[in-house]
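Please read the structure below before turning to the comments.
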Number of protein chains: 2
Amino acid sequence: MFNKETEYALRGLVYVQIQQLKGLKPGIIEIAKEIDAPLFYTGKIMQRLVKMGFLLSTKGKGGGFYFDLNKEDLPLKTVIQAIEGGKAYSGCGFGLNSCNEDQPCSLHEQYAPIRDAINKLVSLNSVQSLARDYNDGDDILLKREKTID
Amino acid sequence: MFNKETEYALRGLVYVQIQQLKGLKPGIIEIAKEIDAPLFYTGKIMQRLVKMGFLLSTKGKGGGFYFDLNKEDLPLKTVIQAIEGGKAYSGCGFGLNSCNEDQPCSLHEQYAPIRDAINKLVSLNSVQSLARDYNDGDDILLKREKTID
DNA sequence: ATATTAAAAGACCAAAAGGTCTTTTAATAT
DNA sequence: ATATTAAAAGACCTTTTGGTCTTTTAATAT
Ligand code: FES
Ligand code: FES
């Protein structure tokens, strides 16, 4: 669905928000462990997210990542677009030059509603809404135990 | 949506089928030009498809690519899976360990129907059905003229 | 036979994605 | 002030994806 960087970014952001709801400010080591992502890579990605302005951080003792409470909710789409670019889920399913209604490909009629649904999903869901959902009970959002076979 | 190799493969297969309906047997040079893909890369991909048993080819004069008429229609999904592997559109939208109903993530309820729709689309549409649709009139399946700006 | 044609095989290359690690900078606590 | 802590910066590496090109093999036509 998404590439690794986007996946780790979304999971990391949601994890930070979950902790923030508990009044905590997690660091890279904790985040990487909890979202089950490579430590240094997670660090790099979180730093990129800070530079992009999606969240804040402080260095030193007691430091970590946190959200500016004055900012509005961050839709998944905003993060996805910032990392993967606008082409994600905006183009033709068949790889033609940008999909449109006037010159639809054979798959357009079937694909367009799917693409619209994906767009809706990532627009309506935010880092904050997912974190709130998570807080409501289930503990399987970020890291799932591998089923024993 | 798909990676380049899958895109070129699908376009190439559909193009071969379209030509076959006209009694023709296109070669790499023609295919690459018509589907607007890199010549040598197209060649490599078409060869891989032959080796995978999706279509046939003959060398030498009058040679080219064609389908075994005795075989049944080739669903897009079969091609996609052969190239990109089974993980495509079978996993969790959030990157957890394989999506399932028992331990759904926060997005599962919204994502599952989308994933199912994609699966249905690539299962119900085949190289042959797309080629037949194409033959019905519109000429924009494989290569679209860039709109003048 | 042999010249021609076109796919098959495979070596090779470039860019992007994914990932690791060290050094530097900025907080905080003592 | 200085030791400690943790993010920032950035060099570096590996794998995958995407792509190019040459050589070989197998058809066909003369
Ligand atoms: S034109 Fe191909 S999906 Fe819209
Ligand atoms: S468990 Fe995440 S989409 Fe199904």
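The values are calculated or read from the model by the stated rules, or taken from the named source; none is laboratory data. These figures come from a predicted structure and were not determined experimentally. Because the Cβ atoms are built from the backbone with ideal geometry, glycine has one as well, and the counts that use them run over all protein chains shown. Just the protein is used for accessible areas: all its heavy atoms, side chains included, with ligands, DNA and RNA removed. Shrake-Rupley method; radii C 1.70, N 1.55, O 1.52, S 1.80 Å.
Summary table
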quantity	calculated
Charge dipole of segment A:12-118 about the Cα centre (unit charges at C-beta), most positive-ward option of A:Leu56, A:Ile83, A:Ser106	A:Leu56
Under-5 Å amide H pairs with A:Leu56, H placed in peptide plane, nonlocal only	A:Tyr66, A:Phe67, A:Asp68
Distance from segment B:63-85 to segment A:1-22 (C-alpha centre basis), Å	39 Å
Cysteines without a disulfide-compatible partner [chain B; Cβ-Cβ under 4.7 Å]	B:Cys105
Shortest-first nm distances, A:Asn70 label point to equivalent points in other copies (7 Å, Cα→Cβ)	7.5
Proximal lysines relative to A:Lys61, as straight alpha-carbon distance under 16 Å, when same-chain residues fewer than 8 apart are discounted	A:Lys25
Shielding by partners - mean other protein chain Cβ count within 10 Å, residues of A:1-12	3
Ranked packing of A:11-21, B:109-119, A:67-77, A:28-38, most packed first, by mean Cβ within 10 Å	A:11-21, A:28-38, B:109-119, A:67-77
Dipole moment magnitude, nearest 20 debye, the protein assembly as shown about Cα centre, only Lys, Arg, Asp, Glu C-beta charged	1220 debye
Net dipole in debye of segment B:1-69 [+1 Lys, Arg Cβ; -1 Asp, Glu Cβ; about Cα centre; nearest 20]	240 debye
Buried solvent-accessible surface, both chains (A, B), 1.4 Å probe, Å² to nearest 100	3300 Å²
Accessible solvent surface per residue of chain B, calculated while the other protein chains remain in place, 1.4 angstrom probe, Å²	55 Å²
Label spacing, shortest first and in nm, from B:Lys120 to its equivalents in the remaining copies (7 angstrom along Cα→Cβ)	1.4
Computed magnitude of the charge dipole of chain A (debye, nearest 20; Cβ of K, R +1, Cβ of D, E -1)	780 debye
Three-way shape call for segment A:5-81 based on the alpha-carbon gyration tensor, with the a/c threshold at 1.5	rounded
Across the identical copies, how the B:Gly86 labels are spaced - nm, sorted shortest first, 7 Å along Cα→Cβ	3.9
Inter-label distance, nm, simple model (7 Å from Cα along the C-beta direction), A:Asn119/A:Ile29	4.5 nm
For A:107-117, mean number of other protein chain Cβ atoms within 10 Å	4
Nearest beta-carbon to the B/A symmetry axis - residue in chain B, distance in Å	B:Ile114, 3
